[in-house]
Amino acid sequence: MPMGTAVLRQAGRSLLRRPFASAVAALTVAAATAAITATFVLVHAALLAPLPFAQPDRLIAAEVISTKGYSISISAPNYRDWSEWNRVFTKTAASAGWRVILSGRGAARVLRVREVLGDFFGTLGLVAGHGRLLSAAETARGAAPLAVLGHSFFRELGGSPRLVGSALTLDGRAYTVVGVLPPDVGYPSPDVQAYLPLGALGDEIPWQDRDSGFGLGMLGRLRSGVSLAAAQRDLDRVTRRIQTLEGRRVETARLRTLADLLVGDLRQPLLLLFAAAALVVGLAVGNVANLFLARAEGRRGEFALRTAIGAPRGHVVRLLLAESAWIGVAGGAIGIAGAAVLVSLIAHQVGGSVPSFVAARLHLAPPALAFAGALIALLTLALGALPAWVLPSGSLGDALHAVRGGGTRGASRLRSGLVVGELALGTVLLVGAGLLVSSLERLRHVDKGFDPSGVVAGRLALPDRHFADKPAWLAFYRALLAAAERQHGVRAACLALLMPLSDRSWELRVFPEGAAIEPHGGDSVLFNIVTPGYFATLRAGVVRGRGFGTQDRDGSQPVAVVDETLAARFWPGRDPIGRQITLEFDRDNPHAGAPGTVLWRTIVGVVKNLRHYELQSPSRIQAYIPLEQTYTRWGMGLELAVRTDGAVAALPPRLSRLAVGIDPDVPITEVQPLAANLDRAIAHPLLLSQTVTAFGALALLLAGVGVFAVASLGVVRRQRELGIRQAVGATPRDLLGAVLGQAVRWWAAGAAIGLAGAAIAARLARALLFGVGTLDLKVYAAAIVLLLAVALLACLAPGVRAMRADPASILREEA
């Protein structure tokens with residue numbers, strides 16, 4: 001049934017005769033197209049597009065699950081045995097994120113690098129853009145200092161192929177550049193600046209300690225035909241063999257696909273967003289379908305006349321399809337332009353909280369355009385075919401009689417059904433938006449254990465072996481802290497190994513007094529080294545005892561501060577002040593006295609638990625020791641934090657210059673308000689709640705327009721009935737009540753269906769909610785009341801029109 005240009009011109013003229021209704025239809029299609037196309041871009045970038053590696057479906061990541069049930073990094077001995085004794089991988093590798101200082105090329109700067117072990121590039125299927133890549137043998141213990149550059153960093157250095165073979169000074173050591181990766185590839189993302197052999201670090205790595213992971217993660221490439229479940233069984237076999245040889249329990253490894261490791265956390269939020277966008281499309285379809293039905297029903301006489309004078313039924317169908325094509329193309333074009341804007345806004349908001357290869361895909365690529373085109377085509381066909389329900393099937397007289405009688409009963413029921421469906425979909429979206437907003441507010445205001453407002457923090461990058469001894473290391477930090485405290489507007493300052501929500505951790509084993517100190521025993525504790533001003537700077541409340549002071553120095557009684565969860569675990573219902581603990585590195589500590597004795601630290605204070613890993617759940621038990629009493633642990637880079645009562649915007653550049661003024665080879669990186677850590681922690685919940693709330697607002701608008709359109713058409717169709725009712729004594733208030741009563745009936749049916757759907761959807765998405773039940777009555781009640789208000793408001797104008805109907809005029813016209 002071809003559609004000629006004459007039919008398209010005729011359809012265009014027909015739409016222009018009703019410009020307002022046509023514009024509403026096109027803009028409704030545009031809103032739905034923009035919403036679901038932008039969401040599809042997110043879903044495609046993170047979940048549908050393949051990872052940028054060769055045969056990515058065969059790449060597997062291994063995570064170690066501790067005896068306490070949480071994920072930890074892999075030790076070098078475990079990696080070695082899993083790699084050598086497995087039967088399911090063709091290649092294996094391991095790597096850890098690292099930071100090194102580049103010097104000798106202008107001001108010292110920090111590079112994000114990957115320390116690699118095994119056949120790293122072969123496992124991922126990467127090839128060199130220039131030079132060559134590292135072999136497995138070149139990453140083993142005692143390896144030469146070699147480097148492979150990421151392409152973006154290669155371009156920063158000038159992009160000359162002559163860089164291959166040259167040397168870069170990293171942490172004071174010359175590394176020879178042997179190759180460069182091609183553009184837009186890298187692990188875990190292309191923004192890694194260099195790849196170095198882990199073996200070049202020598203004895204800095206605990207090569208024989210099965211209990212030390214130092215951030216190492218394992219990758220493997222599955223043999224053809226081997227399933228993930230089969231690979232897991234084989235790795236469990238290897239773990240049992242290790243346990244037999246060691247004579248003790250060894251943490252097991254859980255295998256997951258590499259895609260699940262890199263983007264698995266995005267799957268449920270993005271699928272929820274896509275489902276919400278699909279509901280918006282459903283609302284839009286209902287709205288436009290009602291508009292098309294109303295127009296088609298109003299033209300029954302025209303269609304009947306065309307049929308009576310010889311026009312084939314197919315001509316009328318082509319005309320309707322042509323009209324829907326105009327609406328679809330116009331609305332789709334506007335929607336695609338709107339989607340481009342939305343994707344740009346989303347990319348700006350989430351750029352730093354998703355892998356860089358995902359962020360690089362956030363644009364309207366051909367798959368998104370094809371998706372939008374297919375959606376527009378389906379909408380066009382559906383909207384053009386739907387009015388066939390009201391096309392005349394009998395004689396001209398029957399059709400004209402239906403027009404005079406106010407339309408067909410079937411079309412009226414269909415319109416009412418569409419309105420009920422819109423209200424139901426709107427209820428689901430409003431409840432979802434309410435639950436997510438409530439969850440986000442609970443997350444924002446959860447007791448974090450510290451106050452980030454007014455705090456600026458930066459990370460000190462120290463080259464390995466930069467200081468010859470501990471006194472020189474301490475002297476540098478004392479000078480830096482004093483300089484920070486002298487800055488104008490600074491009220492408190494501190495140094496710490498870790499800042500909360502910084503995506504970094506350091507865990508040791510802890511033993512309370514009286515416990516058996518076994519080589520592989522103890523509880524894992526989040527460990528921090530801090531200066532006395534730490535608790536005041538972060539306003540981390542000391543709930544019992546005291547914090548650290550200047551008296552807690554080298555040579556004095558070793559002390560510790562612990563959090564409430566550690567105190568409750570080891571001394572439930574008892575006062576922990578004066579009790580003692582020892583940490584993993586305190587065993588055989590030379591400061592403890594005779595060889596083989598243990599250094600015990602006296603607890604002098606208890607603080608609240610700081611949410612260090614994520615806002616959604618409290619951190620594991622925590623312990624703090626003073627910087628001056630680190631003893632065997634020194635030489636690492638710390639973080640500097642200052643609190644100001646004024647604006648924080650001026651502090652970052654001032655702090656960035658402090659360390660360089662003391663030592664030009666020690667830069668401070670990532671200087672930013674501590675609140676940025678909080679923003680990063682809520683980035684995904686914020687995007688989810690904002691987007692679903694926007695969809696909910698759009699749902700309210702579309703539902704209101706749909707109710708208004710159908711109610712207005714109903715008043716026009718019922719003019720004769722309304723006139724008769726007025727003639728027999730009905731008051732204007734009665735007529736208004738009849739129109740509003742219809743709105744209430746639509747709302748009641750839609751709300752009932754929508755509440756059931758919302759409860760099911762909330763249960764499926766309960767993992768994304770924090771501090772909010774899936775059946776939060778306040779949220780559900782607010783959603784249905786808001787929807788009722790919109791439905792009544794939408795019917796107000798049609799109701800007023802019904803009140804003002806003149807029965808004499810109507811009955812004269814009917815006569």
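Got a number for residues in region 486-502 being within 38 Å of the chain's Cα centre (by Cα) and free of Cβ contacts under 8 Å to residues at least 60 places away in the same chain? Break it down stepwise before answering.
Within region 486-502, the subset within 38 Å of the chain's Cα centre (by Cα) is 487-502.
Filter once more, so that each one left must be free of Cβ contacts under 8 Å to residues at least 60 places away in the same chain: 488.
Residues flagged as within 38 Å of the chain's Cα centre (by Cα) and free of Cβ contacts under 8 Å to residues at least 60 places away in the same chain within region 486-502 amount to 1.
I'm trying to understand the selection: among the residues of region 464-486, which are in contact with a strand residue (DSSP E or B) (Cβ under 7 Å, 6 or more places away or on another chain) and of a type outside the set (Ser, Thr, Tyr)?
As a first pass, look at region 464-486 and keep what is in contact with a strand residue (DSSP E or B) (Cβ under 7 Å, 6 or more places away or on another chain): 477, 480-481, 484-485.
Hits for region 464-486 are LEU480, LEU481, ALA484, GLU485.
I'm checking my understanding of the structure. Among residues of region 460-481 that are charged (D, E, K, R) and open to solvent by 50 Å² or more (accessible area, probe 1.4 Å), which one is nearest to ALA493 (Cα to Cα)? Steps first, answer last, please.
Step one: list which residues in region 460-481 are charged (D, E, K, R), which gives 464-465, 469-470, 478.
Going one step further and asking which of them are open to solvent by 50 Å² or more (accessible area, probe 1.4 Å), we end up with 465, 469, 478.
Values: ARG465: 26, ASP469: 25, ARG478: 11 Å.
By that ranking, first place goes to ARG478.
Condition check: assigned to a helix (DSSP H, G or I), open to solvent by less than 10 Å² (accessible area, probe 1.4 Å) and closer than 30 Å to VAL250 by Cβ. Does ASP57 satisfy that? Spell out how you get there, then give the answer.
Values: assigned to a helix (DSSP H, G or I): yes; open to solvent by less than 10 Å² (accessible area, probe 1.4 Å): no; closer than 30 Å to VAL250 by Cβ: yes.
For ASP57, the condition - assigned to a helix (DSSP H, G or I), open to solvent by less than 10 Å² (accessible area, probe 1.4 Å) and closer than 30 Å to VAL250 by Cβ - is not met.
Restricting to region 9-58, and then to whatever is hydroxyl-bearing (Ser, Thr, Tyr) and under 35 Å from the mean Cα position of the chain (by Cα), can you tell me which residue is nearest to PHE371 (Cα to Cα)? Spell out the reasoning first.
First pass over region 9-58, keeping only residues hydroxyl-bearing (Ser, Thr, Tyr): 14, 22, 28, 33, 37, 39.
Right, trim to under 35 Å from the mean Cα position of the chain (by Cα) and you get 28, 33, 37, 39.
Numbers: THR28: 18, THR33: 10, THR37: 7, THR39: 11 Å.
Filtering region 9-58 for residues that are hydroxyl-bearing (Ser, Thr, Tyr) and under 35 Å from the mean Cα position of the chain (by Cα), the one nearest to PHE371 (Cα to Cα) comes out as THR37.
Which members of region 680-696 meet the condition of being out of contact with any Pro (no Cβ under 7 Å at 6 or more places or on another chain) and not β-branched (Val, Ile, Thr)? Write out each step before concluding.
Within region 680-696, the subset out of contact with any Pro (no Cβ under 7 Å at 6 or more places or on another chain) is 680-683, 685-687, 689-696.
Result: ARG680, ALA681, ALA683, PRO685, LEU686, LEU687, SER689, GLN690, ALA694, PHE695, GLY696.
If we only count helices (runs of 4 or more DSSP H) wholly inside region 654-739, which ones have 2 or more residues that are of a type in the set (A, V, I, L, M, F, W, C), over 30 Å from LEU792 (Cβ atoms) and modelled with pLDDT of 75 or more?
Per the criteria, 675-681, 683-717.
Being at pLDDT 65 or above, over 30 Å from PHE53 (Cα atoms) and open to solvent by less than 20 Å² (accessible area, probe 1.4 Å), is that true of even one residue in region 291-301? Before you say what the answer is, go through the steps one by one.
Restricting attention to region 291-301, the residues satisfying the condition of being at pLDDT 65 or above are 291-295.
Filter once more, so that each one left must be over 30 Å from PHE53 (Cα atoms): 291-295.
Next, from what is left, pick out any that are open to solvent by less than 20 Å² (accessible area, probe 1.4 Å): 292-293.
Checking region 291-301: at least one residue is at pLDDT 65 or above, over 30 Å from PHE53 (Cα atoms) and open to solvent by less than 20 Å² (accessible area, probe 1.4 Å).
Taking region 779-794 only, how many residues are touching a residue at least 12 places away in the same chain (Cβ under 8 Å) and either over 19 Å from GLY737 (Cα atoms) or surrounded by fewer than 16 Cβ atoms within 10 Å (Cβ to Cβ) (or both)? Steps first, answer last, please.
Of region 779-794, the ones touching a residue at least 12 places away in the same chain (Cβ under 8 Å) are 779-780, 782-784, 786-788, 790-794.
From what's left, either over 19 Å from GLY737 (Cα atoms) or surrounded by fewer than 16 Cβ atoms within 10 Å (Cβ to Cβ) (or both): 779-780, 782-784, 786, 793.
So the answer is 7.
Can you confirm whether region 180-194 contains a residue that is more than 33 Å from the chain's Cα centre (by Cα), more than 30 Å from ILE682 (Cβ to Cβ) and surrounded by fewer than 21 Cβ atoms within 10 Å (Cβ to Cβ)?
Pass one, region 180-194, residues more than 33 Å from the chain's Cα centre (by Cα): none.
Within region 180-194 (the criterion being more than 33 Å from the chain's Cα centre (by Cα), more than 30 Å from ILE682 (Cβ to Cβ) and surrounded by fewer than 21 Cβ atoms within 10 Å (Cβ to Cβ)), the answer is no, since none of the residues qualifies.
Kindly evaluate PHE548 against the criterion of being open to solvent by less than 70 Å² (accessible area, probe 1.4 Å), under 17 Å from TYR631 (Cβ atoms) and either polar (S, T, N, Q) or in a strand (DSSP E or B) (or both). Even if it seems obvious, please write down each step before you answer.
Working: open to solvent by less than 70 Å² (accessible area, probe 1.4 Å): yes; under 17 Å from TYR631 (Cβ atoms): yes; either polar (S, T, N, Q) or in a strand (DSSP E or B) (or both): no.
So PHE548 does not fit the description; no.
Inside region 429-447, can you point out the residues that are over 18 Å from the mean Cα position of the chain (by Cα) and open to solvent by 30 Å² or more (accessible area, probe 1.4 Å)?
Listed by number, the residues that qualify are HIS445, ASP447.
Give the residue, chosen from SER416, SER393, SER324, that is at pLDDT below 85 and not in a helix (DSSP H, G or I). I'd like the intermediate steps shown before the answer.
Numbers: SER416 fails: not in a helix (DSSP H, G or I); SER324 fails: not in a helix (DSSP H, G or I).
Result of the check over SER416, SER393, SER324: SER393.
Being farther than 30 Å from ILE74 by Cα and in a strand (DSSP E or B) is the filter here, so list the residues in region 492-545 that pass it.
Residues satisfying the conditions are ALA492, ALA493, CYS494, VAL542, VAL543, ARG544, GLY545.
Is it the case that ALA697 is among the hydrophobic types (A, V, I, L, M, F, W, C) and closer than 30 Å to LEU430 by Cβ? Steps first, please.
Values: among the hydrophobic types (A, V, I, L, M, F, W, C): yes; closer than 30 Å to LEU430 by Cβ: yes.
Judged against the criteria, ALA697 is a match.
Is it the case that VAL542 is open to solvent by 30 Å² or more (accessible area, probe 1.4 Å) and either within 22 Å of ALA675 (Cα to Cα) or in contact with a Phe, Trp or Tyr (Cβ under 8 Å, 6 or more places away or on another chain) (or both)? Break it down into steps so the answer makes sense when it comes.
Values: open to solvent by 30 Å² or more (accessible area, probe 1.4 Å): yes; either within 22 Å of ALA675 (Cα to Cα) or in contact with a Phe, Trp or Tyr (Cβ under 8 Å, 6 or more places away or on another chain) (or both): yes.
When the stated conditions are applied, VAL542 passes them.
Per-residue answers, yes or no, for (1) of a type outside the set (A, V, I, L, M, F, W, C); (2) open to solvent by 60 Å² or more (accessible area, probe 1.4 Å):
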residue: LEU615; (1), (2): no, no
residue: ALA623; (1), (2): no, no
residue: VAL660; (1), (2): no, yes
residue: HIS684; (1), (2): yes, yes
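Condition (residue is open to solvent by 40 Å² or more (accessible area, probe 1.4 Å), over 24 Å from ALA372 (Cα atoms) and modelled with pLDDT of 85 or more) applied to region 263-286: is it met by at least one residue?
Yes; the residues of region 263-286 include at least one that is open to solvent by 40 Å² or more (accessible area, probe 1.4 Å), over 24 Å from ALA372 (Cα atoms) and modelled with pLDDT of 85 or more.
The values are calculated or read from the model by the stated rules, or taken from the named source; none is laboratory data. Nothing here was measured: the structure is a model prediction, and the numbers come from that model. When we count neighbours, we look across all protein chains shown, and the Cβ atoms used for this are built from the backbone with ideal geometry, even at glycine. Accessible surface areas use protein heavy atoms only, side chains included; no ligands, DNA or RNA. Shrake-Rupley method; radii C 1.70, N 1.55, O 1.52, S 1.80 Å.
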